[in-house]
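The next block holds one structure in the form of C-alpha cells; read it before the comments.
The values are calculated or read from the model by the stated rules, or taken from the named source; none is laboratory data. Source: prediction; values computed, not measured. Heads up, the Cβs are rebuilt from the backbone with ideal geometry, glycines too, and the neighbour counts pull from every protein chain shown.
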Amino acid sequence: MQNEGEKSCGAPARVLLVSPQPFFQWRGSPLRVEANARVLAGRGYQVDLLTLPIGEDRTIPGVRIVRVPNRLGVRDVHIGPSLIKAAFDLLILVWGLCMAVRRRYDVVHGIEDGGFLGFFMSRLGGSALIFERHSDPASYRDGLLRNMVLWLYSRIERFTIRRADAVIGTGPGLVKQIEAVEGAGSVHHIFDIPSSNVTATPAGTARARAAMAGSRDDLIVMFVGSFAGYQGVPLLLDAAVKALSAVPSARLAVIGGTPEEIATLRAEMAASDDVARRIMFLGRMPPEEIPHHLAAADVLVSPRLGGVNTPLKLLDYLKAGRAIVATDVPANRHILDESVSILVPPTVEGLCDGLMRALKDPELRRRLGEAGQRLISEQYGFERFAQRLGACYDQVLAMRKTLKHRGL
C-alpha cells in the first residue's frame, strides 16, 4: 500500500499553495495557510508556498516559501481590495505560471483570490485545482467603487468554483454559498482550528493578568482581532464605555490593530478620563502570547457586525474557557449558541447589556467557560482538521490518477 503522500509512481505529490496575503501575520488567512502547509508537508508532499514579500519570516519543516519581489518597499497590505493588492496579485500570477511550468505540480491550491490565479497555473501546468474560500466579499463592502470591485470579485469566485476540482469552505455559511453555485463540483467543509497550539500556563496567565489588571478585583473584558469594519470594534468601544462607567472594577483590553488604527480610535472615543484609562490597546502580539492573555481575562467579546465566515477568534475564546459575549449574527451563530455564550443584538445597548450581565455574574461566567471548553475538545482540533484536509487531497489525487489512466 502506497504512502499517503506518494503518487502512483512512488514519487511524493507536488503541491503549490498560492496565498496572496501577507505571510506570516497573526490573522485568519495566514494562520490557516500555515496550518494547511504543516498538514500537507506532514503527509509527505513536496510543498511550495507562493506568497507576498510581507510578514514575519516563518520556517515550516518540509515547506519551501517563495516570496515575490517588493520593489516599492510595501510594509503591509490591508484586508480587502486595493491597487497594491492588485499589483501583488499580478506578480503572484507571473511567478506562479513560471513555477507551474518548471515544477509540474500535481495540485495547485489557491487561497481566496489565489484560487483564480491558481486556475491559470493549474491549466498551464496540467495540475488539479483546489480553491479554498475563507470569506464572503459582502463583508468588505464600503463605498460605490469598492462595492463594484467586490461585485466583480464575486463573479470571479463563481468562475473559479465551477472550474475547481474541489472547493473548501472554512465555515458552514461559506459552504452553503459554494453549494448554491450552479456547476460547483466537490465541496468540503474544513473548519478552522484555534490559532495557536500553545496552552495557557499558570505562570503565563499570571504574568498577563498582572500587566492588565490594576488590582486583584479587576474584571478584564477582552477583544482579539483586526480592526476591519465587519469586526465591530467601534461598536465594542461605545458599549464598553457604558459598561465600564457602570462597573468601576471593569477594564477593556483590545489586542490587534496597527498603531495608526489605534490612534484613530483613541481620538474618536468619547469617554471620561477615568474610563479612558481603563481601556487598553495592546496592539498586535505574537500568537504564542495570545492564549495566556485570553486565560487572564474574565469576559471575551466578539462584536461582529456581519458576514458569513466564522470568526477564528471564537475557537481561541472557547479554548480559553472564559465567558463569551457575542453579537447575535450568523457568523457568530455558526459556532456559538446560548449554552456557551451570551448572544446579544448588534447594538450599543445590546452589547452593553450583555457585558454587564457577564461582569455581574461570576457563576454564569464559570458555567459558560466550562461549556465552551467542552465544545472545543469534542468538535474541533488539529487532528480532525488534518483528517478532513487529507481526505480532500486523497479524493483530488485519486481523481487525477484516474484521468491520467484514461488519457484525459
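Just a yes or no: is a residue in the range 81-96 within 18 Å of Ala228 (Cβ to Cβ), touching a residue at least 24 places away in the same chain (Cβ under 8 Å), surrounded by 17 or more Cβ atoms within 10 Å (Cβ to Cβ) and in contact with a helix residue (DSSP H, G or I) (Cβ under 8 Å, 6 or more places away or on another chain)?
Checked the range 81-96: at least one residue is within 18 Å of Ala228 (Cβ to Cβ), touching a residue at least 24 places away in the same chain (Cβ under 8 Å), surrounded by 17 or more Cβ atoms within 10 Å (Cβ to Cβ) and in contact with a helix residue (DSSP H, G or I) (Cβ under 8 Å, 6 or more places away or on another chain).
Checking Val108 against (1) farther than 20 Å from Lys404 by Cα; (2) in a strand (DSSP E or B), only one condition comes out false. Which one?
All conditions pass for Val108, except number (1).
Looking at Gly350, Gly390, Gly372, Gly354 in this structure, which one is modelled with pLDDT of 95 or more and in contact with a Lys or Arg (Cβ under 7 Å, 6 or more places away or on another chain)? Steps first, please.
Values: Gly350 fails: in contact with a Lys or Arg (Cβ under 7 Å, 6 or more places away or on another chain); Gly372 fails: in contact with a Lys or Arg (Cβ under 7 Å, 6 or more places away or on another chain); Gly354 fails: in contact with a Lys or Arg (Cβ under 7 Å, 6 or more places away or on another chain).
Only one candidate passes the filter, namely Gly390.
Of (1) over 28 Å from Gln25 (Cα atoms); (2) modelled with pLDDT of 95 or more, Val254 satisfies all except one. Which?
Failing condition for Val254: (1).
Cβ-Cβ distance below 6 Å, separation of 6 or more or different chains: which pairs start in the range 206-230 with a residue that is among the aromatic types (Phe, Trp, Tyr) and end on one that is in a helix (DSSP H, G or I)?
From residues that are among the aromatic types (Phe, Trp, Tyr), the pairs are Phe223/Leu236; Phe227/Val233; Phe227/Glu261; Tyr230/Ser139.
Which residues, counting only those in the range 340-353, are outside any strand (DSSP E or B) and either over 18 Å from Ala320 (Cβ atoms) or of a type in the set (Ser, Thr, Tyr) (or both)? Let's see the steps before the verdict.
Keep residues of the range 340-353 that are outside any strand (DSSP E or B), which gives 340-341, 345-353.
If the condition is that a residue be outside any strand (DSSP E or B) and either over 18 Å from Ala320 (Cβ atoms) or of a type in the set (Ser, Thr, Tyr) (or both), then Ser341, Pro345, Pro346, Thr347, Val348, Glu349, Gly350, Leu351, Cys352, Asp353 are the ones that fit.
Hey, could you check the range 196-221 for residues that are touching a strand residue (DSSP E or B) at 6+ places or on another chain (Cβ under 9 Å) and assigned to a loop (DSSP other than H, G, I, E, B) and say which is modelled with the lowest pLDDT?
Gly214
Examine the range 236-247 for a residue that is at pLDDT below 95 and touching a helix residue (DSSP H, G or I) at 6+ places or on another chain (Cβ under 9 Å), and state whether such a residue exists. Steps first, answer last, please.
The initial filter retains those residues of the range 236-247 that are at pLDDT below 95, namely none.
Looking through the range 236-247, none of the residues is at pLDDT below 95 and touching a helix residue (DSSP H, G or I) at 6+ places or on another chain (Cβ under 9 Å).
Matching residues to (1) free of Cβ contacts under 8 Å to residues at least 12 places away in the same chain; (2) of a type in the set (S, T, N, Q); (3) more than 26 Å from Lys176 (Cα to Cα); (4) surrounded by 23 or more Cβ atoms within 10 Å (Cβ to Cβ):
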site: Ile255; (1), (2), (3), (4): no, no, yes, no
site: Glu261; (1), (2), (3), (4): no, no, yes, no
site: Ala267; (1), (2), (3), (4): yes, no, yes, no
site: Leu305; (1), (2), (3), (4): no, no, no, no
site: Ala320; (1), (2), (3), (4): no, no, yes, yes
site: Leu336; (1), (2), (3), (4): no, no, no, yes
site: Gly354; (1), (2), (3), (4): no, no, yes, yes
site: Arg357; (1), (2), (3), (4): no, no, yes, no
site: Lys360; (1), (2), (3), (4): no, no, yes, no
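Within the range 190-209, take every residue that is over 17 Å from the mean Cα position of the chain (by Cα) and of a type in the set (Gly, Ala, Ser) and give me the one that is surrounded by the fewest Cβ atoms within 10 Å (Cβ to Cβ).
My answer is Ala203.
Identify all residues within the range 279-295 that are crowded, with 19+ Cβ neighbours inside 10 Å, among the hydrophobic types (A, V, I, L, M, F, W, C) and more than 23 Å from Cys352 (Cβ to Cβ); write none if there are none.
Ile290, Ala295
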